[in-house]
1. In the stretch B:222-230, is there at least one residue being outside any strand (DSSP E or B), in the same structural domain as residue B:67 (by TED's automatic domain parsing) and among the charged types (D, E, K, R)?
2. In the stretch B:260-287, which residues are of a type in the set (Lys, Arg) and over 21 Å from the mean Cα position of the chain (by Cα)?
3. Strands (runs of 3 or more DSSP E) wholly in the stretch B:279-318 with at least 2 residues that are under 22 Å from residue B:340 (Cα atoms) - which ones?
4. Would you check which residues across the stretch B:320-360 are out of contact with any Pro (no Cβ under 8 Å at 6 or more places or on another chain) and of a type in the set (Phe, Trp, Tyr) and list them?
5. Out of all the residues in the stretch A:133-156, is one or more free of Cβ contacts under 8 Å to residues at least 60 places away in the same chain, within 14 Å of chain B (Cβ to nearest Cβ) and of a type outside the set (Lys, Arg)?
6. Of the conditions (1) more than 18 Å from the chain's Cα centre (by Cα); (2) on the phi < 0 side of the Ramachandran plot; (3) crowded, with 16+ Cβ neighbours inside 10 Å, residue B:294 satisfies every one except a single condition; which number is it?
7. What strands (runs of 3 or more DSSP E) lie completely within the stretch A:24-119 and have 2 or more residues being away from chain B (no Cβ under 14 Å) and β-branched (Val, Ile, Thr)?
8. Kindly indicate the residue of the stretch A:1-15 that is modelled with pLDDT under 95 and surrounded by fewer than 23 Cβ atoms within 10 Å (Cβ to Cβ) and also farthest from residue A:65 (Cα to Cα) among those meeting that condition.
Amino acid sequence: MTHEIVISGFGGQGVLSMGKILAYSGIMEGMEVSWFPSYGPEQRGGTANVTVILSDKPISSPIIDTYDIAVVLNQPSLDKFEEKVKPGGIIIYDSYGIHTPPKRKDIDVYKINAMDEAVNMNNDKVFNMIVLGGLLKAVPMVQLENVMEGLKKSLPERYHNLLPMNKEAILRGMEIIQLENKAELNKIMN
Amino acid sequence: MSEEIVLMKGNEAIAHAAIRYGVDGYFGYPITPQSEIIETLMEEAPWETTGMVVLQAESELAAINMVYGGAASGKAVMTSSSSPGISLKQEGISYLAGTELPALIVNVQRGGPGLGTIQPSQSDYFQTVKGGGHGDYRLITLAPNSVQEMADFVDLGFRLAFKYRNPAMILTDGVIGQMMEKVTLPPSRRRRTEQEIREQCPWAALGKTPERKPNIHTSLELDPVIMEKNNERFQAKYREIEKNEVRYEEIQCEDAEYLFVAFGSAARVCLKAIEMAREEGFKVGLLRPITLWPFPCKIIEEYAKKVKGMLVVELNAGQMVEDVRLAVNGKVKVEHYGRLGGIVPTPDAVLEAFKEKITK
């Protein structure tokens, strides 16, 4: 099984680190992984994205054109990646940053109010972990215990006291994600 | 530190591998997309553990000349930069070659010419394997296509550089430098002691001892008769390297009717294109040169007798394709596909180009 994922949002939303934690979780799960960021000026104030591939086989190209899953956290990201999701694939979007929801009917569309929830939890730093929780609920590609191991590996030791808070955020994300559109099979066939 | 699997960028892997190899000195100047090399080295602070020197020089010129000095004293020294910075280092690289000194240079290429872009490119192939600096010299050139090879080629690069007393380059690009993958870092070795350097490198300028004459390193020789002899010695060494050190990888070549030839990140894109091509019934294989100099001419010549056509895929306007055509010598169709100025071709585009240029 191969999961080709793009995570995209504003620079500073934790897109790259969410990708890194997901990739590390994949390693803990015994999978092959690759993580390729957009790098350069577009990360400052603009849109940052990262391509993460998890697979049980060696990964050929870290750069791909179409994705199984797009996690989009702002409007420019949705505009850029909606068309690049494979038929039958998945879009997960945060309603806070997106005013025009995805239109495609041949993919599963999930909504997660992660920004609102981060505000409820009084901690905007865990925003990306709420989103990660939602992603793992939609597609349980790695087990929670391996995510926690991945988090441990990604975070410098001085932040390990924050692990329980991150776990709580992941679990919240799993609870609040909602399926908005189920892919219509006949549309996929076409 | 023993072997452990970690997730890191190619640039970070080079830094960690350098510390573990027992490198004596790194001299560099930051430039995207390779700044993580010097950043990681500074974070790791190896001067407190192995005694390795890490220095941010005032310019690329200073950095390569610090490498020149360190190399002359038999130390394992390295520098890294990206395309425009590597252009600045060319004089020093020519001097290293002309003085027969070992050193490792890393080029994490970005799109040119000039300051160009910061996005990935392979457009420094000509510069690296056809000269770069002045004079009849060759640069041992390794082209990693994974984060693991970024780590592994630090060791290989230094081994070849010291074996042949010649500078070696890791020629990579922004894709491999910036991407993260699993990597098994090599076990740590301690740096060589001064006594070991004296024994292993009798040529090293480490201060004269009573038993030997001074070691003098210079590329200057005003007597052309001697200078020709020097050049003949260099050339004999290059022939020896061409004989012994060609490295390449063959993937799905056993039954291949067509061949992709690609190195580094382009080879990764080709692997995906091969999966797609084979689903459509095209038997395509990949020949991936690992050493760009010495170039794997012989194996390409052999495949020219077996396959119906070759597509050379590069992140440039067609550079390595010239060497492939020389090796093939007209026996089979060789076409090129590339994107320019920092754009990485997608597997779909490679497949389309293959169908259009090779199978029709």
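1. No, the stretch B:222-230 contains no residue that is outside any strand (DSSP E or B), in the same structural domain as residue B:67 (by TED's automatic domain parsing) and among the charged types (D, E, K, R).
2. Of everything in the stretch B:260-287, those that are of a type in the set (Lys, Arg) and over 21 Å from the mean Cα position of the chain (by Cα) turn out to be B:272, B:278, B:283.
3. B:284-289, B:309-314
4. Within the stretch B:320-360, B:354 is the sole residue that qualifies.
5. Looking for residues that are free of Cβ contacts under 8 Å to residues at least 60 places away in the same chain, within 14 Å of chain B (Cβ to nearest Cβ) and of a type outside the set (Lys, Arg), one finds at least one in the stretch A:133-156, hence yes.
6. Among (1) more than 18 Å from the chain's Cα centre (by Cα); (2) on the phi < 0 side of the Ramachandran plot; (3) crowded, with 16+ Cβ neighbours inside 10 Å, residue B:294 violates only (1).
7. Fully inside the stretch A:24-119 and qualifying: A:67-72, A:85-94, A:108-112.
8. Of the stretch A:1-15, the ones modelled with pLDDT under 95 are A:1, A:9-15.
If we keep only those that are surrounded by fewer than 23 Cβ atoms within 10 Å (Cβ to Cβ) as well, we get A:1, A:10-12.
Values: A:1: 18, A:10: 21, A:11: 22, A:12: 24 Å.
Ranking the candidates gives A:12 first.
The values are calculated or read from the model by the stated rules, or taken from the named source; none is laboratory data. Because the structure is predicted, anything quoted here is derived from the model rather than measured. Heads up, the Cβs are rebuilt from the backbone with ideal geometry, glycines too, and the neighbour counts pull from every protein chain shown.
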